[in-house]
Structure formats: C-alpha cells, structure tokens
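The values are calculated or read from the model by the stated rules, or taken from the named source; none is laboratory data. Quick caveat, the model's predicted, so the values are computed rather than measured. All Cβ positions, glycine included, derive from the backbone under ideal geometry; neighbour counts span all protein chains shown.
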Amino acid sequence: MAETSDGPLAARASSKALAHLWMILGVIVVAFPIYYVVIASTHSTQTILRPPLPLLPGAEAYSNYKNAFSGGISKMGGVSLWRLLGNTTLIALGIAIGKIAISMASAYAIVFFRFPLRMVCFWVIFITLMLPIEVRIQPTYKVMVDLGLIDTYPGLILPLIASATATLLFRQFFMTIPHELLEAARVDGAGPWRFFKDILWPLSLTNVAAIFVIQFIYGWTQYLWPLLVTNSNEMNTIVIALKKMISFADADTPWSLVMVTSVLAILPPILVVVFMQRWFVKGLVETEK
Amino acid sequence: MAHILLKELRKSYAGQEVIHGVSMDIADGEFVVIVGPSGCGKSTLLRMVAGLEGITAGTIEIGGRVVNDLEPRDRDIAMVFQNYALYPHMSVRENMAYGLKISKMPKPEIEQRVARAATMLELEPYLDRKPRALSGGQRQRVAMGRALVREPSALLLDEPLSNLDAKLRVQMRLQIKDMHLRTGQTTLYVTHDQVEAMTLADRLIVMNKGIAEQIATPSEVYRTPASEFVAGFIGSPAMNIFTIRAEAGTAILPGGHRLAIAGIPASGEVRLGLRPEDLEVTDADTASIPIDLRSVEHLGADAFGYGVIVGSDILLTLRLPGTSTAQRGDRLNVAPFPGRLHLFSIETGKRI
Ligand SMILES: Nc1ncnc2c1ncn2[C@@H]1O[C@H](COP(=O)(O)OP(=O)(O)O)[C@@H](O)[C@H]1O
Ligand SMILES: [Mg+2]
C-alpha cells in the first residue's frame, strides 16, 4: 500500500509517518544511553568528566580497550577482565541451562505422568512464581552457608535455577502436544525417556531457545545474589565489578574503564539475542506441530 | 499374525461403565470391523486391545497370551490413529522406521522393510519429506506404513479414513482391503461409516452404548439383524420400523390395515421392520399396505419413494425401479416379500 493518492490512503500514509516518527523517538530514548556508553568508552576520563558530553567517537578507543584487557581492571579489583567475563558467562550459562533442565523435567512430570499429589506439586510450583529471590534470600543464604557453597560457582548458580515461569511455559507447550503423539510413541515402543529424547525435545527446541535467551540475560544481569554469596574478588561477576569500580567521588572513578566494562557487559547478551533471534521469535510466536 | 480373544471386557471411567462386557473370538487373519454411532465405545474397546486404556474387568488374549497388564509395545500390535499422529519433526522414512529402531532391529533390515512398505503404499517419492509437506491421503498412507513395517500380530485402526474426502476414502478403502488380502494380518478396524464396515469386514461388531449388539458377517447383519438398533443402523436408506398389533395371528398395521405375517405372536404389540427394497408394489388386495406417496427421488438405476401409510402418519421408504412413473400424490399398494420381514420385541428390542 504505497500509493500516494488523496483521501483515506493519504491519511493513512500520514498517520503511518507519524507512527514511524513516534517509534523512532522511542528508539532514540532507549538507545541513546547505550550509544553514549559506547561513545564514552572511546574517550579519556578527563573528556568524559568535562561537559558537554561529546557525541562522536573519540581517539582513545584503542588505548582504553587495550588498557582494560591488559591489566587496567585487575589493578583495581585484583581480577582480570577475562576472569570477570568468564565468571559471568559461566553463571549465566549455568542458570540458563539449569533452569531449562529443571523446568522441563518438572513440566514433563506434571503433564505426562499421573502420580499422587500431581496437582499439589503444580500449585506449589505455581505459587513460587510470586516469590522473587529477594523474599527467600535470607533462608537461602543460610542454606548456602551450611552447605559451604559461599564463594563457589554452585553457590552462585543453584539458588537461581528453579524457575516457576519456565516450568509454566513448558507445561503450556507440552499440553499442546497431541495426546495421540504420545500414544503412537507408546505403541512404537518408546518409554518415557525415549519419548522425551526423540519426540518432545526436538519439538521443544524453539521454546528452549526462547527460554535460553531470556534466562541467559536474567543470569547475566544478576546483582543482589552474587553480591551476597561472594566475598572474594575472584568470584565477581562483571556487574558486581562494575559497581565496585565506581567510587563516591567522581574524580576517583576511572570513567573510561567503567565505560569499556559496561560495553563488554552489554555485548554478550546482545550477541545471544542476535544469534538466537530467529529461534527466539519462532519459539515465542509459533508452535511447530 | 495371531488370534485375538476378548472375554467379558468391561471398562469404567470414574465408576461410569462405558463398555458392558464384550466378548469375541477373532480368528488369525480375520478382518473385524467395530461399527456403531459416535460415543458408543468403539475407540475405547480398540484402545483396550492396544493397551492404551486399562481394563476394568475381563481378559484380552493376543496369540494365546493374556496381555491385560502388558504395555502396548509388549503386545505386538500396531495402531493407526484417526489423525495419523505422525511425528512432525521426522521424515516419512524416520516415522516408519522409528518403532523398528527402538526394537533394535539391524539397519539393513529396517531399510528393507521401509522400502517394501513404501513401494506397497506408493510413498517412495516422499520418503525424505516431513509430514507437514504431505497431503491428507499421503499422511494417511504413512500412518499405515508405520503400522505395517512392524509386521505386528494385530493391526488396529481407529477411524483411519474419517479425515479424508469422499473420493480418497473410497480409494483408500480399496487399498486397505487389498493390503489385508496380501498380508493376511489380523485386523481390528473402527468406523462409524456403515459402507466401510460392510465392504471391509469379514465380521462386524455392531456396538451400541457399550454393548455388542451383534457380532456376525456383514450379510448376516444385514439379512438378520439381531436387534432393532442393528436393523436401523445398518442399511441405507434405513429400514422402515414401526409398531404393529397382533390379533389372533394377523397383524394390525397403523391405519387399521390387516396383514398376514408368519411367526407373529398370538397377541400384543411388536415392532415390524421392512427394508425399502423388500417392499413390492402390487395390485390392491387384502395382503398389501396402501400408501400415499409424498415424494419420489430418482437416482438413475433406482428410485426411492417416500409415502405415509393411509390412515396413519407412519412414513415408509420403498425402493422403486428406475423406470417407475409413480409420483407424488399417487396411492400405491405395497406388499412385503415373504420371509424378508423383521420382528423385534418392544420390550427388549431383540429379534423375534
Ligand atoms: N478418558 C475418558 N474419561 C471419561 N469418559 C470417557 C473417556 N474416554 C471415553 N469416554 C466415554 O466413553 C464413551 C465411549 O467413548 P469412545 O470409545 O471414544 O466412543 P466412540 O469411539 O465410539 O465414538 C463415551 O461416552 C465417552 O464419553
Ligand atoms: Mg472414536
């Protein structure tokens, strides 16, 4: 509908332009801070601190990034940028994969098996939806201390992997699988494990991708729990390190390094979204059956 | 290939009995069709044989072995589902091979069997396609193929043709019949379509509300229906059935017409069944039923007349020759062929 005539079509074209303008505005509002972070990471700290904010890339990009990777950051926190990125990746992956494993297993049990208290289990899981980690943080912390999991990867990952949301999503998806498919598999001789591996898992892949993206970002951006459960800098995530780099006095903060670290903190989630976008959207929109 | 024995099978859902004791002895290689109206328990019965539904009471034997507590995979059966239930992410080849792969059959043999089934079902060009890229008829054939490659003791089919259009249904019906003749597989086939039932079956189970009303060959079911339900369900157009009164050995029809009927009780009321093709137009005399024609449908070779018995509101369907000139408003006298009448008890509905 790209005609340029009078009447309703013209009106539609102008309202379309207005809509676009509005969306572009929205994108600018959302994207500008990110744009500024990227720009700032290419300027020296002095330039960043001196108003007005430069809006074009500066000349310090190479030296800033080189400095960040070759010890500038370890000088402050005692751990290298690589270590921080590694920690965060490990935790985000652990949380995403762990959540998928646990929520798929529980959804599988709830949907495909008949056992006593099945619906009770479902409701118990459902109710925990309403409890964010902050609510159960004190007892969880105690458990982690008792288990000696402070300052360990399991301590960082385990409390975060039970997910009512993902369980619910998988349950909804599993319930759309035609019952006959399960019966056909039973007649073909597939037991519960084979049915899961050969049929349910391949059919769930797009959903898995969508949930992976969401949970990877959730894990990547965790702040409160890693802050609590880690004492040594060695176990810091990039988000925690970022916080620690910022001191109260503006002048004491190496803003150029902070900006570089911010860019590096933003990048992996963006990459995950970009690379898994096709699957992600498919998983949210369609169910392939 | 095996002989299947159903003994007093019962099924209840939450205390509600839906199958009320069905017994049948199915010979090796026999093609048995379970037919009945929707909701009468056909699928439930079939699924009990398959092992997909538990058995509340009774026993099922397949090949001389009681299978009541066996999983479907241990019963040596294969099943074709109404909506085919193909695995959407697997190619046609993988769909057919899946059961064999699970049973750890050597690869070359799997390939051989799949190839043979694909040839028989004309599926070779589609072996690498996903079900999504197939037409309804092709999907149906894949479902058949998936069941056939297993070479099971018993083949179970639940309304396998009901999702196809009329033309394809006829074609697949012939193919199923042909395949049965070739493989000689013991087959249990569920349908609500009496044409499928009559043409495919060696024997029929006519079900009604969870009861097997009659178990017999198609021609027996047609000629000597065991109950009023069977009489009304099998045959198209349906049998004319109405109540008559017996008086000293003669029948008083609605409208007061008298008719001599052999085998009628001395007195009381019974139900009389007359197939449309068992009524003959005669000259007016005492041994006939006068009817006023309401309409005539010409189908070419045949015509069907619809009329009411004079003096009543009982509608009769009768078959007329295609050349008949009878028309709406005519009064005809029709007489039943002797020996082609059906009498049913009013109380039990059973054949007298
Ligand atoms: N899982 C179930 N729970 C309760 N009732 C059922 C269930 N499955 C079938 N029924 C009942 O059993 C009867 C027979 O069903 P079914 O065998 O599917 O009929 P058909 O295949 O002849 O149409 C129906 O009245 C149906 O409502
Ligand atoms: Mg059914």
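Exactly one of these conditions fails for B:Ala14: (1) within 21 Å of A:Asp188 (Cβ to Cβ); (2) within 14 Å of chain A (Cβ to nearest Cβ). Give me its number.
(1)
Among (1) within 14 Å of chain B (Cβ to nearest Cβ); (2) within 22 Å of A:Leu93 (Cβ to Cβ), there is one condition A:Asp151 misses while meeting the rest; what is its number?
Checking A:Asp151 against (1) within 14 Å of chain B (Cβ to nearest Cβ); (2) within 22 Å of A:Leu93 (Cβ to Cβ), the one that fails is (1).
Mind listing just one residue for me: the one in the stretch B:37-50 that is within 6 Å of ligand 1 (Cβ to nearest atom) and among the small types (Gly, Ala, Ser) and, of those, nearest to the other protein chains (Cβ to nearest Cβ)?
Start the filter on the stretch B:37-50 by keeping residues that are within 6 Å of ligand 1 (Cβ to nearest atom), which leaves B:38-44.
Checking which are among the small types (Gly, Ala, Ser) leaves us with B:38-39, B:41, B:43.
Working: B:Ser38: 18, B:Gly39: 18, B:Gly41: 17, B:Ser43: 11 Å.
Among those that are within 6 Å of ligand 1 (Cβ to nearest atom) and among the small types (Gly, Ala, Ser), it is B:Ser43.
Residues to consider are B:Pro160, B:Pro131; find the one that is within 16 Å of ligand 2 (Cβ to nearest atom), in contact with a helix residue (DSSP H, G or I) (Cβ under 7 Å, 6 or more places away or on another chain) and within 14 Å of chain A (Cβ to nearest Cβ).
Values: B:Pro131 fails: within 16 Å of ligand 2 (Cβ to nearest atom).
Within the list B:Pro160, B:Pro131, the selection yields B:Pro160.
Quick one: would you say A:Val273 is within 14 Å of chain B (Cβ to nearest Cβ), touching a residue at least 24 places away in the same chain (Cβ under 8 Å) and under 14 Å from the mean Cα position of the chain (by Cα)? Give the steps one after another, and end with the answer.
Numbers: within 14 Å of chain B (Cβ to nearest Cβ): no; touching a residue at least 24 places away in the same chain (Cβ under 8 Å): yes; under 14 Å from the mean Cα position of the chain (by Cα): yes.
It is false that A:Val273 is within 14 Å of chain B (Cβ to nearest Cβ), touching a residue at least 24 places away in the same chain (Cβ under 8 Å) and under 14 Å from the mean Cα position of the chain (by Cα).
May I ask you to verify whether B:Glu151 is away from ligand 2 (no atom under 16 Å from the Cβ), of a type in the set (Asp, Glu) and within 14 Å of chain A (Cβ to nearest Cβ)?
Details: away from ligand 2 (no atom under 16 Å from the Cβ): yes; of a type in the set (Asp, Glu): yes; within 14 Å of chain A (Cβ to nearest Cβ): yes.
The answer is yes for B:Glu151.
Would you confirm whether or not the stretch A:175-184 contains a residue that is touching a residue at least 40 places away in the same chain (Cβ under 8 Å), of a type in the set (S, T, N, Q) and within 13 Å of chain B (Cβ to nearest Cβ)? If you could, list the steps in order and put the result at the bottom.
Let us first name the residues in the stretch A:175-184 that are touching a residue at least 40 places away in the same chain (Cβ under 8 Å), namely A:175-178, A:182.
Narrowing the set further to residues that are of a type in the set (S, T, N, Q) leaves A:176.
Of the ones still in play, those that are also within 13 Å of chain B (Cβ to nearest Cβ) are A:176.
Within the stretch A:175-184, one or more residues are touching a residue at least 40 places away in the same chain (Cβ under 8 Å), of a type in the set (S, T, N, Q) and within 13 Å of chain B (Cβ to nearest Cβ).
From the set of residues in the stretch B:163-209 that are of a type in the set (Gly, Ala, Ser) and closer than 24 Å to B:Gly21 by Cα, which is farthest from ligand 2 (Cβ to nearest atom)?
Selected residue: B:Ala201.
Taking interchain pairs and intrachain pairs at least six residues apart, which have beta carbon atoms under 7 angstrom, with the first residue in the stretch B:149-166 and over 22 Å from B:Pro72 (Cβ atoms) and the second away from ligand 1 (no atom under 14 Å from the Cβ) and small (Gly, Ala, Ser)?
B:Asn163/B:Gly136; B:Leu164/B:Gly136; B:Leu164/B:Gly137
Could you list, in sequence order, the residues of the stretch B:56-86 that are away from chain A (no Cβ under 12 Å) and either in a loop (DSSP other than H, G, I, E, B) or among the small types (Gly, Ala, Ser) (or both)?
Going through the stretch B:56-86, the residues away from chain A (no Cβ under 12 Å) turn out to be B:56-69.
Selection gives B:Thr56, B:Ala57, B:Gly58, B:Gly63, B:Gly64, B:Val67, B:Asn68, B:Asp69.
Conditions: (1) within 15 Å of the chain's Cα centre (by Cα); (2) more than 14 Å from every other protein chain (Cβ to nearest Cβ). A:Val208 meets all but one. Number of the miss?
Only one criterion in (1) within 15 Å of the chain's Cα centre (by Cα); (2) more than 14 Å from every other protein chain (Cβ to nearest Cβ) is unmet by A:Val208, namely (2).
Picking from A:Ile150, A:Ile177, which residue would you name as being more than 25 Å from A:Val213 (Cα to Cα) and either surrounded by 13 or more Cβ atoms within 10 Å (Cβ to Cβ) or among the basic types (Lys, Arg) (or both)? Talk me through it step by step, then tell me what you get.
On the way: A:Ile177 fails: more than 25 Å from A:Val213 (Cα to Cα).
That would be A:Ile150, the only listed residue that is more than 25 Å from A:Val213 (Cα to Cα) and either surrounded by 13 or more Cβ atoms within 10 Å (Cβ to Cβ) or among the basic types (Lys, Arg) (or both).
Does the stretch B:25-33 include one or more residues that are away from ligand 1 (no atom under 16 Å from the Cβ), in a strand (DSSP E or B), among the aliphatic types (A, V, I, L, M) and more than 20 Å from the chain's Cα centre (by Cα)?
Restricting attention to the stretch B:25-33, the residues satisfying the condition of being away from ligand 1 (no atom under 16 Å from the Cβ) are B:25-31.
Next, from what is left, pick out any that are in a strand (DSSP E or B): B:25-26, B:31.
From the residues that got through so far, the ones that are among the aliphatic types (A, V, I, L, M) too are B:26.
From the residues that got through so far, the ones that are more than 20 Å from the chain's Cα centre (by Cα) too are none.
No, because not a single residue in the stretch B:25-33 is away from ligand 1 (no atom under 16 Å from the Cβ), in a strand (DSSP E or B), among the aliphatic types (A, V, I, L, M) and more than 20 Å from the chain's Cα centre (by Cα).
Residue check: is B:Glu53 within 14 Å of chain A (Cβ to nearest Cβ), within 10 Å of ligand 1 (Cβ to nearest atom) and of a type in the set (Asp, Glu)?
So B:Glu53 fits the description; yes.
Report yes if B:Ala238 is modelled with pLDDT under 95 and buried (at least 21 other Cβ atoms within 10 Å of the Cβ), otherwise no.
Numbers: modelled with pLDDT under 95: yes; buried (at least 21 other Cβ atoms within 10 Å of the Cβ): no.
So B:Ala238 fails the test.
Being surrounded by 19 or more Cβ atoms within 10 Å (Cβ to Cβ) and within 14 Å of another protein chain (Cβ to nearest Cβ): is that true of B:Met207 here? Steps first, answer last, please.
Working: surrounded by 19 or more Cβ atoms within 10 Å (Cβ to Cβ): yes; within 14 Å of another protein chain (Cβ to nearest Cβ): no.
No; evaluated as a whole, the condition is false for this residue.
If you take the residues of the stretch B:15-72 that are in contact with a helix residue (DSSP H, G or I) (Cβ under 7 Å, 6 or more places away or on another chain), aliphatic (A, V, I, L, M) and within 16 Å of ligand 2 (Cβ to nearest atom), which of them is farthest from B:Ser219 (Cα to Cα)?
Residue satisfying both the conditions and the ranking: B:Leu52.
What helices (runs of 4 or more DSSP H) lie completely within the stretch A:149-264 and have 1 or more residues being under 30 Å from B:Tyr98 (Cα atoms)?
Values: elements: A:153-157, A:164-176, A:179-188, A:201-220, A:224-229, A:238-245.
Qualifying helices (runs of 4 or more DSSP H): A:164-176, A:179-188, A:201-220.
Just checking, how many residues over the stretch A:197-226 are touching a helix residue (DSSP H, G or I) at 6+ places or on another chain (Cβ under 6 Å) and under 20 Å from A:Tyr141 (Cβ atoms)?
3
Within the stretch B:17-57, can you find the residues that are surrounded by 22 or more Cβ atoms within 10 Å (Cβ to Cβ) and farther than 29 Å from A:Ala190 by Cα?
B:Val22, B:Val35, B:Gly36, B:Cys40
Which one of these does B:Ile62 not meet: (1) surrounded by fewer than 16 Cβ atoms within 10 Å (Cβ to Cβ); (2) away from ligand 1 (no atom under 16 Å from the Cβ); (3) of a type in the set (A, V, I, L, M, F, W, C)?
(1)
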